(Lines give C-alpha, C1' and ligand atoms only; values in the text may rest on other atoms or scores of the structure.)
Protein backbone atom coordinates (compact mmCIF):
# COMPACT_ATOMS: atom_id res chain seq x y z
CA UNK A 1 0.00 0.00 0.00
CA UNK A 2 1.45 3.38 -1.02
CA UNK A 3 1.99 5.99 1.70
CA UNK A 4 3.28 8.68 -0.67
CA UNK A 5 2.06 12.19 0.06
CA UNK A 6 -0.31 13.37 -2.68
CA UNK A 7 1.01 16.29 -4.75
CA UNK A 8 -0.02 19.83 -3.89
CA UNK A 9 -2.92 20.88 -6.07
CA UNK A 10 -2.86 24.17 -7.95
CA UNK A 11 -5.87 26.44 -7.62
CA UNK A 12 -5.60 28.98 -10.43
CA UNK A 13 -7.60 32.11 -9.65
CA UNK A 14 -9.33 33.55 -12.74
CA UNK A 15 -11.59 36.14 -11.11
CA UNK A 16 -9.58 39.24 -12.10
CA UNK A 17 -9.99 38.19 -15.74
CA UNK A 18 -12.97 35.90 -16.20
CA UNK A 19 -14.94 37.45 -13.38
CA UNK A 20 -14.36 41.13 -14.06
CA UNK A 21 -14.82 40.95 -17.83
CA UNK A 22 -18.20 39.28 -17.35
CA UNK A 23 -19.87 42.08 -15.39
CA UNK A 24 -20.98 45.57 -16.38
CA UNK A 25 -19.12 47.36 -13.58
CA UNK A 26 -15.47 48.26 -14.06
CA UNK A 27 -13.31 47.78 -10.99
CA UNK A 28 -10.92 50.72 -10.48
CA UNK A 29 -7.29 49.81 -11.12
CA UNK A 30 -6.19 50.56 -7.56
CA UNK A 31 -8.80 48.15 -6.19
CA UNK A 32 -7.78 45.50 -8.73
CA UNK A 33 -4.21 45.74 -7.52
CA UNK A 34 -5.26 45.51 -3.88
CA UNK A 35 -7.46 42.48 -4.64
CA UNK A 36 -4.72 40.67 -6.55
CA UNK A 37 -2.26 41.36 -3.72
CA UNK A 38 -4.72 39.97 -1.18
CA UNK A 39 -5.34 36.86 -3.28
CA UNK A 40 -1.60 36.25 -3.49
CA UNK A 41 -1.23 36.83 0.26
CA UNK A 42 -3.83 34.10 0.77
CA UNK A 43 -1.48 31.65 -0.92
CA UNK A 44 -2.82 31.53 -4.47
CA UNK A 45 0.25 30.89 -6.59
CA UNK A 46 -1.24 31.49 -10.04
CA UNK A 47 -3.65 34.30 -10.94
CA UNK A 48 -5.06 35.10 -14.36
CA UNK A 49 -5.01 38.86 -13.90
CA UNK A 50 -6.44 40.14 -17.20
CA UNK A 51 -7.11 39.58 -20.88
CA UNK A 52 -5.38 41.46 -23.68
CA UNK A 53 -8.23 42.62 -25.91
CA UNK A 54 -9.13 46.00 -27.44
CA UNK A 55 -10.50 48.36 -24.72
CA UNK A 56 -13.45 49.23 -26.95
CA UNK A 57 -14.57 45.60 -26.67
CA UNK A 58 -13.80 45.11 -22.99
CA UNK A 59 -13.26 48.39 -21.15
CA UNK A 60 -12.93 46.36 -17.94
CA UNK A 61 -9.53 45.19 -19.24
CA UNK A 62 -8.21 48.55 -20.48
CA UNK A 63 -5.60 48.62 -17.68
CA UNK A 64 -4.21 45.16 -18.51
CA UNK A 65 -0.55 46.17 -18.84
CA UNK A 66 -0.61 48.16 -15.59
CA UNK A 67 -2.27 45.31 -13.72
CA UNK A 68 0.31 42.83 -15.06
CA UNK A 69 3.15 45.13 -13.94
CA UNK A 70 1.72 45.18 -10.43
CA UNK A 71 1.21 41.41 -10.33
CA UNK A 72 4.80 40.85 -11.46
CA UNK A 73 5.99 42.81 -8.43
CA UNK A 74 4.51 40.17 -6.09
CA UNK A 75 7.22 37.67 -5.20
CA UNK A 76 6.47 34.08 -6.19
CA UNK A 77 3.24 34.83 -8.06
CA UNK A 78 2.76 33.20 -11.47
CA UNK A 79 1.06 35.82 -13.62
CA UNK A 80 -1.30 34.60 -16.35
CA UNK A 81 -3.44 36.32 -18.98
CA UNK A 82 -5.99 35.29 -21.57
CA UNK A 83 -5.32 36.26 -25.19
CA UNK A 84 -7.69 35.62 -28.12
CA UNK A 85 -5.23 36.15 -30.96
CA UNK A 86 -1.67 36.94 -32.06
CA UNK A 87 -2.00 40.65 -31.36
CA UNK A 88 -3.14 39.98 -27.80
CA UNK A 89 -0.38 37.42 -27.32
CA UNK A 90 2.27 39.90 -28.47
CA UNK A 91 0.98 42.47 -25.97
CA UNK A 92 0.96 39.89 -23.17
CA UNK A 93 4.49 38.75 -24.01
CA UNK A 94 5.70 42.36 -23.98
CA UNK A 95 3.99 42.96 -20.64
CA UNK A 96 6.01 40.09 -19.14
CA UNK A 97 3.39 37.48 -18.22
CA UNK A 98 4.50 33.98 -17.27
CA UNK A 99 1.62 32.20 -18.99
CA UNK A 100 -1.01 32.86 -21.65
CA UNK A 101 -4.20 30.96 -22.31
CA UNK A 102 -5.70 30.86 -25.79
CA UNK A 103 -9.46 30.12 -25.87
CA UNK A 104 -10.00 27.50 -28.58
CA UNK A 105 -13.59 26.39 -29.08
CA UNK A 106 -14.35 22.75 -29.81
CA UNK A 107 -17.38 23.75 -31.89
CA UNK A 108 -17.03 26.13 -34.80
CA UNK A 109 -20.28 27.90 -33.93
CA UNK A 110 -18.88 28.92 -30.55
CA UNK A 111 -15.56 29.88 -32.11
CA UNK A 112 -17.32 32.26 -34.51
CA UNK A 113 -19.35 33.77 -31.68
CA UNK A 114 -16.51 34.02 -29.17
CA UNK A 115 -13.43 35.00 -31.21
CA UNK A 116 -14.97 35.57 -34.65
CA UNK A 117 -12.79 32.91 -36.25
CA UNK A 118 -13.41 29.61 -37.99
CA UNK A 119 -11.54 26.57 -36.75
CA UNK A 120 -9.03 26.90 -39.58
CA UNK A 121 -8.42 30.56 -38.74
CA UNK A 122 -8.00 29.87 -35.03
CA UNK A 123 -5.61 26.99 -35.67
CA UNK A 124 -3.49 29.33 -37.79
CA UNK A 125 -3.62 31.95 -35.02
CA UNK A 126 -2.34 29.42 -32.49
CA UNK A 127 0.41 28.38 -34.90
CA UNK A 128 1.59 31.99 -35.17
CA UNK A 129 1.44 32.57 -31.40
CA UNK A 130 3.56 29.48 -30.75
CA UNK A 131 6.05 30.58 -33.40
CA UNK A 132 6.38 34.04 -31.82
CA UNK A 133 6.83 32.50 -28.38
CA UNK A 134 9.47 30.09 -29.65
CA UNK A 135 11.36 32.86 -31.40
CA UNK A 136 11.42 35.54 -28.69
CA UNK A 137 9.69 34.50 -25.44
CA UNK A 138 10.65 30.90 -24.75
CA UNK A 139 10.12 31.31 -21.00
CA UNK A 140 6.35 31.93 -21.42
CA UNK A 141 4.00 28.95 -21.12
CA UNK A 142 1.12 28.57 -23.58
CA UNK A 143 -2.10 26.83 -22.65
CA UNK A 144 -4.86 26.06 -25.11
CA UNK A 145 -8.09 26.20 -23.12
CA UNK A 146 -10.69 24.17 -25.00
CA UNK A 147 -13.99 26.01 -24.64
CA UNK A 148 -17.31 24.09 -24.74
CA UNK A 149 -15.34 20.85 -24.33
CA UNK A 150 -18.27 19.10 -22.63
CA UNK A 151 -21.21 20.57 -24.52
CA UNK A 152 -22.22 23.73 -26.38
CA UNK A 153 -25.40 25.76 -25.93
CA UNK A 154 -25.15 26.85 -29.57
CA UNK A 155 -24.36 23.54 -31.30
CA UNK A 156 -25.66 21.09 -28.72
CA UNK A 157 -23.88 17.99 -27.49
CA UNK A 158 -20.15 17.58 -28.04
CA UNK A 159 -18.64 14.11 -28.35
CA UNK A 160 -15.45 13.06 -26.58
CA UNK A 161 -13.88 12.43 -29.97
CA UNK A 162 -14.56 16.00 -31.12
CA UNK A 163 -12.88 17.40 -28.02
CA UNK A 164 -9.93 15.05 -28.24
CA UNK A 165 -9.37 15.79 -31.94
CA UNK A 166 -9.04 19.48 -31.15
CA UNK A 167 -6.82 18.69 -28.15
CA UNK A 168 -4.51 16.64 -30.36
CA UNK A 169 -4.35 19.44 -32.91
CA UNK A 170 -3.33 21.93 -30.23
CA UNK A 171 -0.67 19.57 -28.90
CA UNK A 172 0.75 19.11 -32.41
CA UNK A 173 0.97 22.89 -32.79
CA UNK A 174 3.31 22.99 -29.80
CA UNK A 175 1.31 24.43 -26.92
CA UNK A 176 2.59 23.41 -23.52
CA UNK A 177 -0.72 22.14 -22.18
CA UNK A 178 -4.32 21.64 -23.18
CA UNK A 179 -7.01 22.27 -20.58
CA UNK A 180 -10.72 21.48 -20.76
CA UNK A 181 -13.37 24.11 -20.04
CA UNK A 182 -17.03 23.49 -19.25
CA UNK A 183 -17.97 26.86 -20.71
CA UNK A 184 -21.67 26.08 -20.99
CA UNK A 185 -22.06 24.25 -17.69
CA UNK A 186 -23.06 21.02 -19.45
CA UNK A 187 -20.56 18.63 -17.85
CA UNK A 188 -21.45 15.86 -15.43
CA UNK A 189 -19.03 13.75 -13.35
CA UNK A 190 -19.06 10.54 -15.41
CA UNK A 191 -18.27 12.48 -18.57
CA UNK A 192 -15.58 14.52 -16.79
CA UNK A 193 -13.74 11.48 -15.50
CA UNK A 194 -13.91 9.68 -18.83
CA UNK A 195 -12.75 12.66 -20.88
CA UNK A 196 -9.84 13.63 -18.65
CA UNK A 197 -8.60 10.03 -18.55
CA UNK A 198 -8.62 9.94 -22.34
CA UNK A 199 -6.94 13.35 -22.52
CA UNK A 200 -4.10 12.16 -20.28
CA UNK A 201 -3.73 8.88 -22.15
CA UNK A 202 -3.49 10.65 -25.50
CA UNK A 203 -1.50 13.78 -24.59
CA UNK A 204 0.59 12.69 -21.62
CA UNK A 205 2.42 15.64 -20.08
CA UNK A 206 0.55 18.10 -22.31
CA UNK A 207 -2.78 17.23 -20.66
CA UNK A 208 -3.79 20.24 -18.56
CA UNK A 209 -6.28 21.29 -15.95
CA UNK A 210 -10.01 21.82 -15.51
CA UNK A 211 -12.13 24.95 -15.79
CA UNK A 212 -15.65 24.28 -14.51
CA UNK A 213 -18.75 26.45 -14.36
CA UNK A 214 -21.54 25.83 -11.89
CA UNK A 215 -24.47 26.58 -14.19
CA UNK A 216 -26.36 23.41 -13.29
CA UNK A 217 -24.88 22.88 -9.83
CA UNK A 218 -22.39 20.23 -10.92
CA UNK A 219 -19.19 22.23 -10.46
CA UNK A 220 -17.74 20.68 -7.30
CA UNK A 221 -19.00 17.19 -8.21
CA UNK A 222 -17.07 17.59 -11.45
CA UNK A 223 -13.98 18.62 -9.48
CA UNK A 224 -14.11 15.36 -7.52
CA UNK A 225 -14.46 13.37 -10.75
CA UNK A 226 -11.51 15.20 -12.28
CA UNK A 227 -9.46 14.59 -9.11
CA UNK A 228 -10.17 10.88 -9.37
CA UNK A 229 -8.95 11.03 -12.99
CA UNK A 230 -5.64 12.58 -11.90
CA UNK A 231 -6.21 16.29 -12.61
CA UNK A 232 -4.10 18.54 -10.36
CA UNK A 233 -4.93 22.07 -11.61
CA UNK A 234 -8.33 23.71 -11.17
CA UNK A 235 -9.48 27.16 -12.23
CA UNK A 236 -11.87 29.03 -9.95
CA UNK A 237 -13.16 32.55 -9.42
CA UNK A 238 -13.59 34.30 -6.10
CA UNK A 239 -17.25 34.84 -5.38
CA UNK A 240 -18.14 32.70 -8.41
CA UNK A 241 -17.88 35.69 -10.75
CA UNK A 242 -17.66 34.93 -14.45
CA UNK A 243 -19.38 33.39 -17.40
CA UNK A 244 -19.25 33.48 -21.16
CA UNK A 245 -21.56 35.91 -23.00
CA UNK A 246 -21.33 33.64 -26.04
CA UNK A 247 -22.63 30.60 -24.17
CA UNK A 248 -26.30 31.49 -23.66
CA UNK A 249 -27.54 30.57 -20.20
CA UNK A 250 -24.10 29.90 -18.73
CA UNK A 251 -23.43 31.35 -15.30
CA UNK A 252 -20.32 31.83 -13.21
CA UNK A 253 -17.29 29.76 -12.39
CA UNK A 254 -16.94 27.51 -9.39
CA UNK A 255 -16.28 29.54 -6.24
CA UNK A 256 -12.63 29.66 -5.15
CA UNK A 257 -13.52 29.67 -1.46
CA UNK A 258 -15.72 26.57 -1.77
CA UNK A 259 -13.18 24.78 -3.99
CA UNK A 260 -10.30 25.33 -1.56
CA UNK A 261 -12.42 24.15 1.36
CA UNK A 262 -13.45 21.02 -0.56
CA UNK A 263 -9.88 20.13 -1.51
CA UNK A 264 -8.40 20.79 1.93
CA UNK A 265 -11.22 18.91 3.68
CA UNK A 266 -10.49 15.93 1.41
CA UNK A 267 -6.84 16.01 2.50
CA UNK A 268 -5.38 17.74 -0.58
CA UNK A 269 -2.83 20.47 0.11
CA UNK A 270 -3.52 23.69 -1.81
CA UNK A 271 -1.28 26.04 0.17
CA UNK A 272 -4.20 28.48 0.41
CA UNK A 273 -5.26 30.15 3.65
CA UNK A 274 -9.06 30.31 3.74
CA UNK A 275 -9.22 33.11 6.29
CA UNK A 276 -6.97 35.32 4.19
CA UNK A 277 -9.02 34.33 1.15
CA UNK A 278 -12.12 35.69 2.89
CA UNK A 279 -10.19 38.90 3.59
CA UNK A 280 -9.61 39.21 -0.17
CA UNK A 281 -13.32 38.66 -0.77
CA UNK A 282 -14.10 41.70 1.37
CA UNK A 283 -11.93 43.84 -0.91
CA UNK A 284 -13.84 42.48 -3.90
CA UNK A 285 -17.23 43.17 -2.30
CA UNK A 286 -16.31 46.75 -1.41
CA UNK A 287 -14.95 47.46 -4.90
CA UNK A 288 -18.08 46.10 -6.64
CA UNK A 289 -21.01 47.37 -4.57
CA UNK A 290 -24.23 45.59 -5.42
CA UNK A 291 -22.56 42.87 -7.50
CA UNK A 292 -23.80 39.42 -6.38
CA UNK A 293 -21.10 37.19 -4.92
CA UNK A 294 -21.67 33.48 -4.42
CA UNK A 295 -20.32 30.72 -2.23
CA UNK A 296 -21.34 28.58 0.73
CA UNK A 297 -18.17 28.77 2.82
CA UNK A 298 -18.31 32.58 3.17
CA UNK A 299 -21.83 32.24 4.64
CA UNK A 300 -21.27 29.20 6.83
CA UNK A 301 -17.64 29.68 7.87
CA UNK A 302 -15.15 26.95 8.73
CA UNK A 303 -16.51 24.09 10.84
CA UNK A 304 -15.31 23.60 14.40
CA UNK A 305 -12.21 21.39 14.41
CA UNK A 306 -11.26 22.07 10.81
CA UNK A 307 -7.63 21.24 10.01
CA UNK A 308 -5.80 21.99 6.77
CA UNK A 309 -4.27 19.13 4.83
CA UNK A 310 -0.77 20.18 5.95
CA UNK A 311 -1.77 20.18 9.63
CA UNK A 312 -2.39 23.90 10.07
CA UNK A 313 -5.42 25.02 12.03
CA UNK A 314 -7.33 28.22 11.30
CA UNK A 315 -6.08 29.83 14.51
CA UNK A 316 -2.47 29.06 13.63
CA UNK A 317 -3.02 30.30 10.10
CA UNK A 318 -4.50 33.58 11.25
CA UNK A 319 -1.35 34.37 13.18
CA UNK A 320 1.11 33.27 10.53
CA UNK A 321 3.46 35.76 8.93
CA UNK A 322 2.84 36.83 5.34
CA UNK A 323 5.25 35.20 2.88
Out of 41, 64, which single residue is out of contact with any strand residue (DSSP E or B) (no Cβ under 9 Å at 6 or more places or on another chain) and crowded, with 16+ Cβ neighbours inside 10 Å? 41
Residue 79 passes all but one of (1) part of a strand (DSSP E or B); (2) free of Cβ contacts under 8 Å to residues at least 40 places away in the same chain; (3) farther than 25 Å from residue 271 by Cα; which number fails? (3)
Considering residues that are at positive phi and out of contact with any helix residue (DSSP H, G or I) (no Cβ under 6 Å at 6 or more places or on another chain), the number found within segment 161-196 is 1
Of the residues in segment 111-131, those that are out of contact with any helix residue (DSSP H, G or I) (no Cβ under 7 Å at 6 or more places or on another chain) and assigned to a loop (DSSP other than H, G, I, E, B) come to 116
Matching residues in segment 12-31 (in contact (Cβ under 8 Å) with a residue 12 or more places away in the chain and out of contact with any strand residue (DSSP E or B) (no Cβ under 8 Å at 6 or more places or on another chain)) number 9
One residue is enough: does segment 251-274 have a residue meeting the conditions in a loop (DSSP other than H, G, I, E, B), at pLDDT below 95 and out of contact with any helix residue (DSSP H, G or I) (no Cβ under 9 Å at 6 or more places or on another chain)? no
Take segment 132-153 and flag every residue that is assigned to a helix (DSSP H, G or I) and within 14 Å of residue 101 (Cα to Cα). 133
In segment 85-110, which residues are in contact with a helix residue (DSSP H, G or I) (Cβ under 6 Å, 6 or more places away or on another chain) and assigned to a helix (DSSP H, G or I)? 86, 89, 95, 108
Residue 97 vs (1) crowded, with 20+ Cβ neighbours inside 10 Å; (2) farther than 28 Å from residue 289 by Cβ; (3) more than 17 Å from the chain's Cα centre (by Cα): all pass except (3)
Looking at 163, 169, 190 in this structure, which one is touching a strand residue (DSSP E or B) at 6+ places or on another chain (Cβ under 7 Å), surrounded by fewer than 24 Cβ atoms within 10 Å (Cβ to Cβ) and not in a loop (DSSP other than H, G, I, E, B)? 163
Given the conditions (1) out of contact with any strand residue (DSSP E or B) (no Cβ under 7 Å at 6 or more places or on another chain); (2) under 28 Å from residue 277 (Cβ atoms), and given that residue 93 satisfies all but one, which numbered condition is not satisfied? (2)
Picked from segment 7-29 (must be part of a loop (DSSP other than H, G, I, E, B) and surrounded by 13 or more Cβ atoms within 10 Å (Cβ to Cβ)), the residue modelled with the lowest pLDDT is 8
Tell me whether segment 60-73 contains one or more residues that are closer than 17 Å to residue 273 by Cα and either modelled with pLDDT under 95 or under 17 Å from the mean Cα position of the chain (by Cα) (or both). no
All positions within segment 201-222 that are assigned to a helix (DSSP H, G or I) and closer than 19 Å to residue 174 by Cβ: 202, 203, 204, 205, 206
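Let's see how each residue does on (1) more than 19 Å from the chain's Cα centre (by Cα); (2) surrounded by 22 or more Cβ atoms within 10 Å (Cβ to Cβ); (3) without any contact (Cβ under 8 Å) to a residue 12 or more places away in the chain:
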| site | (1), (2), (3) |
| --- | --- |
| 116 | yes, no, yes |
| 128 | yes, no, no |
| 174 | yes, no, no |
| 186 | no, yes, no |
| 196 | no, yes, no |
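Matching residues to (1) closer than 17 Å to residue 173 by Cβ; (2) without any contact (Cβ under 8 Å) to a residue 60 or more places away in the chain:
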residue	(1), (2)
35	no, no
43	no, no
50	no, yes
111	yes, yes
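The values are calculated or read from the model by the stated rules, or taken from the named source; none is laboratory data. Just so we're clear, the structure is a prediction, and the values are computed from it rather than from any experiment. All Cβ positions, even for glycine, are placed from backbone atoms using ideal geometry, and neighbour counts span all protein chains on display.
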